[in-house]
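Here the structure is laid out as C-alpha cells; the discussion comes afterwards.
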Amino acid sequence: MNRIFSGVQPTGNLHLGNYLGAIRNWVRMQAEYDCIFCIVDMHAITVPQEPAQLRAHTREVTAAFIASGIDPEGCIIFNQSQVSGHAELAWILNCMTPMGWLNRMTQFKEKAGKHRENALVGLFVYPVLMAADILLYKATHVPVGEDQKQHLELSRDIAGAFNRQFDVDYFPLPEPQIMATAARVMSLRDGRKKMSKSDESDFSRINMTDDADTIAQKIRKARTDPEPLPETVAGLESRPEAANLVGIYAALTDSTSEAVCTQFGGALFSSFKNDLVDVMIGVIEPIGREMRRMLADPGYVDAILDRGGERAGAIAAANLAEIKQIVGFRQPGHA
C-alpha cells in the first residue's frame with residue numbers, strides 16, 4: 001500500500017479551513033493509504049513558542065484528528081519530537097542540499113521579511129526538515145496545498161540528490177496527493193483573505209472547538225453584500241464574501257457551488273445563512289464536543305501520542321539504520 005505522510009503545526013485554534021482544506025480529506029484517505037499523521041512541533045519552534053502552550057496545542061491537534069474521524073489504530077498519529085530520526089536525517093540531508101536551492105524558497109523570503117540576516121537558521125532549513133519528515137518513512141504521497149508545493153518539489157530534489165550521490169534507488173520520489181475536494185475557505189470578515197488562526201478577530205473564523213451558539217452567531221455576522229444569491233456561479237464573480245459562504249456550504253454538503261446556486265438562487269443571505277448554520281452545526285459541533293471531551297483527559301490523548309510515537313519510531317529506526325549504512329557511518333553489528 002502506498003504511504004501518506006502529512007503534518008500540522010501545533011499552533012492552536014484549528015478552524016474550519018483546516019478541517020475542509022485538509023483534515024476531512026485525510027479521514028477519507030485512511031482506507032486507501034498507509035497513513036502517518038504528524039504534529040510537527042519541531043517545525044513550530046522556528047518561531048518562539050511558550051512551552052506549556054506548545055504541549056497544549058499538540059494535544060489539541062491530536063484531539064482534532066481523532067474527533068474528525070482519523071483512526072489512531074489504523075493510522076499513526078504522533079508528535080515529531082518523539083522520533084529523533086527526524087533531526088538525524090535532516091542533518092544528513094542538510095549536507096546534500098545546496099544553499100541555492102533553499103535561497104529560492106519563497107516561503108522563507110515571505111516569513112523572514114526585509115531583515116533576513118536576523119532570521120533564524122531553523123527557518124532557513126525548515127524545508128530540509130520537511131523533506132526528512134517525508135523521506136524518513138519513505139512516503140510515496142504527500143497531501144499538499146498551494147503554499148507547500150515548492151517544498152515538496154524540494155523534497156523530491158533532495159531525495160534524487162541522495163540517490164545519485166550514493167548510486168542507490170533508496171528514497172522514492174514523493175508524489176503530491178492532490179485533494180480534489182479540498183476547499184479554500186476564506187475569512188468571514190473579508191472574502192479576499194484566507195481564514196486564519198492569526199486573524200485578530202475571532203469572528204473571522206469558525207474554530208473547531210466552537211459550540212453551536214458561537215457557530216450560529218459567527219455565521220449570522222459574516223460579511224455579505226446586499227444582493228440575493230445568484231442562480232449561477234458566474235454571478236459570484238466580484239462577490240468574494242458571497243462566493244465564500246456558497247463555497248463553504250458546498251464543501252460541508254459534498255456538493256458544488258453551482259448546485260448551491262441552483263438550489264438557493266434568488267434567496268436573501270439572511271435566509272441562506274439559516275441553512276448554512278444548520279449544516280455547519282451538524283458537521284462541526286460534534287467534532288468540537290468530542291475534542292473538548294478528549295482534552296479534559298490529557299492522559300488519554302498522551303497515550304495515543306505515545307503509542308503513535310513508538311510505531312513511527314520503529315519504522316524510522318529501521319530506515320535510518322539503512323540510511324546510515326548507505327552514507328558510511330559505522331553501525332553496531334555491521335561490518
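Coordinate-derived values only; no laboratory data. Because the structure is predicted, anything quoted here is derived from the model rather than measured. Cβ coordinates were reconstructed from backbone atoms using ideal geometry, including for glycine residues, and neighbour counts include every protein chain displayed.
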(message) Run the helix sum for the chain: -39,500 (n - 2.57) per DSSP H stretch of 4+ residues, divided by residue count, reported at 222 nm to the nearest 500 deg cm²/dmol.
(response) -15500 deg cm²/dmol
(request) Kindly point out, ordered by number, any Cys in the chain whose beta-carbon has no other cysteine beta-carbon under 4.7 Å away. (result) CYS38, CYS95, CYS261
(request) Describe numerically, in nm with one decimal, the distance between label points set 7 Å from Cα along Cα→Cβ at TRP101 and at GLU50. (result) 3.8 nm
(request) Please give the residues of region 16-60, grouped as numeric ranges, whose backbone N is less than 11 Å from a label point set 7 Å along the Cα-to-Cβ vector of SER198. (result) 47
(request) May I ask for the angle, rounded to the nearest 10°, between helix 149-165 and the longest principal axis of the chain, with both axes built from Cα atoms and the value confined to 0 to 90°? (result) 20 degrees
(request) Would you calculate the separation in nanometres between label points at PHE329 and ASP278, each defined as 7 Å from the Cα along the Cα-to-beta-carbon direction? (result) 5.9 nm
(message) Apply the a/c threshold of 1.5 to the C-alpha gyration tensor of region 229-335 and tell me whether it is rounded, prolate or oblate.
(response) oblate
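Which order results if ILE39, ILE45 are arranged by neighbouring Cβ count within 10 Å, fewest first? All intermediate terms of the calculation are to be shown ahead of the outcome.
Numbers: ILE39 27, ILE45 15.
Going from least to most buried by this count: ILE45, ILE39.
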(request) Can you tell me how much longer the chain between LYS114 and GLU227 gets when fully stretched, taken as 0.36 nm per residue apart minus their C-alpha distance, in nm with one decimal? (result) 36.5 nm
(message) I need the phi-derived Karplus couplings for region 287-303: 6.51 cos²θ - 1.76 cosθ + 1.60, θ = phi - 60°, integer Hz, Gly and Pro marked x.
(response) 5, x, 4, 5, 4, 5, 5, 5, 5, 6, 10, x, x, 5, 5, 4, 5
(request) Mind putting a number on the dipole of region 202-293 about its Cα centre? Charges go on the C-beta only, +1 for Lys and Arg and -1 for Asp and Glu, and I need it in Debye to the nearest 20. (result) 320 debye
(message) Charges on Cβ only, +1 for Lys and Arg, -1 for Asp and Glu, centred on the Cα centroid of the chain; of PHE162, GLY12, LEU120, which one is farthest towards the dipole's positive end?
(response) LEU120
(request) Set the Förster distance to 45 Å, then compute FRET efficiency between GLU237 and ASN94 from the Cβ-Cβ distance, nearest 0.05. (result) 0.45
(request) Starting from the amide H of LYS194, placed 1.01 Å from N in the peptide plane, find each other amide H under 5 Å away whose residue is 5 or more places distant or on another chain. (result) SER187
(request) Report which label in (1) 5, 23, 30, 24, 12, 4, 1, 0; (2) 5, 21, 23, 16, 14, 13, 8, 2, 0; (3) 5, 22, 26, 22, 16, 7, 1 holds the value of P(r) over Cα pairs in 10 Å bins from 0, in percent derived from the coordinates of this structure. (result) (1)
(message) Tell me which of ALA314, MET96, ALA22 sits at the most positive position along the dipole axis of the chain, charges placed on C-beta atoms (Lys, Arg +1; Asp, Glu -1).
(response) MET96
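With +1 on each Lys and Arg Cβ and -1 on each Asp and Glu Cβ, and nothing else charged, work out how big the dipole of region 66-142 is about its Cα centre, in Debye to the nearest 20. Please list the in-between numbers first.
Values: 6 positive and 6 negative charges, 96 e Å.
It comes to approximately 460 debye.
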(request) Work from the charge dipole of region 119-262 (Cβ charges, +1 for Lys and Arg, -1 for Asp and Glu, about the Cα centre) and give the residue of PRO230, HIS141, PRO240 farthest towards its positive end. (result) PRO240
